[in-house]
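J.: One structure, as structure tokens, below. Some questions next.
The values are calculated or read from the model by the stated rules, or taken from the named source; none is laboratory data. Note that this is a predicted model, so its numbers are computed, not measured. Because the Cβ atoms are built from the backbone with ideal geometry, glycine has one as well, and the counts that use them run over all protein chains shown. We work out accessible area using only protein heavy atoms, side chains counted, and drop any ligands, DNA or RNA first. Shrake-Rupley method; radii C 1.70, N 1.55, O 1.52, S 1.80 Å.
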Amino acid sequence: MNVARNRIAVYPGTFDPVTNGHIDLIDRAAPLFERLIIGVAESPAKGPALPLAQRVELARDATAHHRHVEVRGFDCLLAHFVKEVGGGVLLRGLRAVSDFEYEFQLASMNRHLIPEVETLFLTPSEQYGFISSSLVREVARLGGDVSGFVTPAVAAALQTQWKRKPGQTPEP
């Protein structure tokens, strides 16, 4: 395996939205690599709440304190994106045992598609283990306060998305 490729890691996801759990993994992984590329997937099949350009911008804002972290959107097969950016490591997060089976399948498929790329799993810090983008979206959609789970910019974007303030009852 090319040593230079190993110094470039790709952390892919929909990041709909980017959470403090994602940022925790980025903060801990960034020092391990020469470059860390956050690959924000368009993922139209998942029906993201926020458009790709906004998810990319929110992730850039959340990771601006890292000079060697780059955020890029992509709308192709992950294997193609990883090859395009010269990645040698795929970074994935595991919050719970329930994530493992799905992540294991993804890692096996990626090993088949891009055998020169290794998958590295990191677990979040304990205070972020329960946070998921889908839970954050649901709490925000129903008018709950998500400020403890996301950056202020993400919280504002979610409030704008559903056009109400935390605690306000959703309209039918």
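J.: Taking the simple approach of a point 7 Å from Cα along Cα-to-Cβ for both Gln105 and Arg141, what is their distance in nm?
T.: Placing both labels 7 Å beyond Cα along the Cβ direction yields 2.2 nm.
J.: Please find, in a Gaussian network model of the chain (springs between Cα atoms separated by less than 10 Å), the residue of Phe81, Phe100, Phe15 whose mean-square fluctuation is greatest.
T.: Phe100
J.: Let me ask another. Need the C-alpha centroid separation for the range 23-45 versus the range 87-151, integer Å.
T.: 11 Å
J.: Taking the chain as a Gaussian network, where each spring joins two C-alpha atoms under 10 Å apart, which residue of Thr14, Thr123, Thr63 fluctuates the most?
T.: Top of the fluctuation ranking is Thr123.
J.: Which value in deg cm²/dmol, rounded to the nearest 500, describes the helix-derived mean residue ellipticity at 222 nm for the chain, given -39,500 (n - 2.57) per DSSP H run of n ≥ 4 and division by the residue count?
T.: Mean residue ellipticity, 222 nm, calculated: -12000 deg cm²/dmol.
J.: Any idea which of Pro44, Phe130, Leu120 is furthest toward the positive side of the dipole for the range 17-172, if Lys and Arg beta-carbons carry +1 and Asp and Glu beta-carbons -1?
T.: Pro44
J.: Kindly provide the trypsin sites (Lys or Arg not before Pro) of the range 11-70 that DSSP labels as loop, not H, G, I, E or B, and whose Cβ sees at most 11 other Cβ atoms within 10 Å.
T.: Hits after loop and neighbour filter: Arg67.
J.: Let me ask you something else. Residues with amide H under 5 Å of Leu91's amide H, sequence separation 5 or more or different chain, H placed in the peptide plane at 1.01 Å from N; which?
T.: For Leu91, whose amide H was placed from the backbone, the distant partners under 5 Å are Val10, Tyr11, Leu120.
J.: Within a Cβ distance under 10 Å of Thr14, other residues only, what is the Lys/Arg minus Asp/Glu net charge?
T.: Residues near Thr14 contribute 0 overall.
J.: Same structure, new question: Which of Val139, Val40, Val150 moves most in a GNM of the chain, Cα contacts under 10 Å?
T.: Highest fluctuation of the listed residues: Val139.
J.: Please compute the per residue accessible area over the chain with all protein chains in place, 1.4 Å probe, rounded to a whole number of Å².
T.: 54 Å²
J.: For Asp99, Asp145, write out the residues from largest to smallest accessible area, computed with a 1.4 angstrom probe and no ligands counted.
T.: Ranking Asp99, Asp145 by accessible area, largest first, yields Asp145, Asp99.
J.: Could you tell me which label, among (i) 16.2, 55; (ii) 16.0, 48; (iii) 18.5, 71, carries the value of Rg and Dmax of the Cα atoms in Å calculated for this structure?
T.: Here the calculated entry is (i).
J.: Could you give the dipole magnitude of the chain about its Cα centre, charging the beta-carbon of Lys and Arg +1 and that of Asp and Glu -1, in debye to the nearest 20?
T.: Charge dipole, the chain, about its Cα centre: 240 debye, nearest 20.
J.: Okay, moving on. Filter the chain for me: DSSP H helices, axial length by Cα at least 20 angstrom, mean Kyte-Doolittle hydropathy not below -1.0. List them by residue number.
T.: Long hydrophobic helices here: 97-113.
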